[in-house]
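As structure tokens, the structure follows; a few thoughts come after it.
Just so you know, all these numbers are worked out from the coordinates, no wet-lab data involved. These figures come from a predicted structure and were not determined experimentally. So basically every Cβ, Gly included, is an ideal-geometry build from the backbone, and we count neighbours across all protein chains shown.
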Amino acid sequence: MLLEVKNINISFKKENQKTIFGKERQKVVKNVSLSLEKGECLGIIGESGSGKSTLGKSLIGLLKPDNGSVYIDGIDIYNITREQRKKIQQIISIVFQDYTSSANPRFLVKDIIGESLKVLERKIGKKIDRYSKIKELLEIVGLNESFINRYPHELSGGQLQRVCIARAIATEPQFILLDEAISSLDASTQTQIMDLLKELQNKYKLSYIFITHDLPSVTYMCDRVLFFYEGEIVEEVNDIYKLSEVKNLYAKRLLNSILEIKIDDKK
């Protein structure tokens, strides 16, 4: 098992409490357990505000849960030694929704990707020819050498997200968290990026957690899907081809809304 999550809960201090010392907390993630096998893509779908991105942060070590455990490659990532932390950093990567804020606007493309190559050098224990490696990574994601010395504002949204994907795979990870990674792109570019992600998954035997609010992209990308509502997993579909058999009312509502859109499009 590459990733195993056991009964995690996450809460935040409530805003607008009567006193600054108020201790009321709002549960955002409620007793969630899930797993990810090597080589699979697990979809987590839910509406904005459902807590799915908060859950995602906890899966990669960015937000410690109130209780429960997160294991990556058998290592409890919130009870960890320095050496184990280095190992985990080499296993996981992330691609965010907001590629404009996740890429430093003052960095050239070679600097954005170069950050991850530092991790790769620690992993393999030697220096690499960074320029050649950056060129290779750009070609892998469908960009050429001319992009190396460009700034983020000189790229389209799709091109910048490809740079962010190149940065994510630069560390040679086993597991990539894709947090709404295509939702800010137009429909045509979304399909291109999903095709690229599937190609990379097959080529490098990657595992993905694909967080989204968009059901069609889940059916395109994922092997399994979890429906996330108000901080809880309300339905799990272990075979994407059986998506239409969901029983939970929230899951049915999401599915029916997509079917209604398709019917309207045909009119």
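Computed quantities for the displayed model
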quantity: Y131-Q84 FRET efficiency (beta carbon distance; Förster radius 30 Å; 0.05 resolution); calculated: 0.40
quantity: Three-way shape label, the stretch 121-197, alpha-carbon gyration tensor, a/c 1.5; calculated: oblate
quantity: Candidate lysines - alpha carbon under 19 Å from K118, same-chain residues fewer than 8 apart omitted; calculated: K86, K87, K110, K126, K127, K133, K135
quantity: Karplus (6.51, -1.76, 1.60) ³J(HN,Hα), θ = phi - 60°, over the stretch 201-215, in Hz, Gly and Pro reported as x; calculated: 4, 5, 5, 10, 6, 7, 10, 10, 10, 10, 8, 7, 10, 10, 5
quantity: Whole-Hz couplings from phi, Karplus 6.51/-1.76/1.60, listed for the stretch 147-159; x for Gly and Pro; calculated: 7, 4, 9, 9, 8, x, 5, 8, 10, 6, x, x, 5
quantity: Extension reserve of the R106-E199 stretch, reckoned as 0.36 nm per residue once the Cα distance is removed; calculated: 30.5 nm
quantity: Ranked by how many other beta carbons lie within 10 Å on average, peptides 181-193, 78-90 from highest; calculated: 181-193, 78-90
quantity: When each of K57/K198; K27/K198; K6/K205; K52/K205; K30/K242 is checked by Cα-Cα distance, pairs over 31 Å; calculated: K27/K198
quantity: For the stretch 18-86 versus the stretch 128-162, the gap between their alpha-carbon centres in whole angstrom; calculated: 31
quantity: Protection-proxy order for peptides 1-8, 52-59, each taking the mean of Cβ atoms within 10 Å per residue, highest first; calculated: 52-59, 1-8
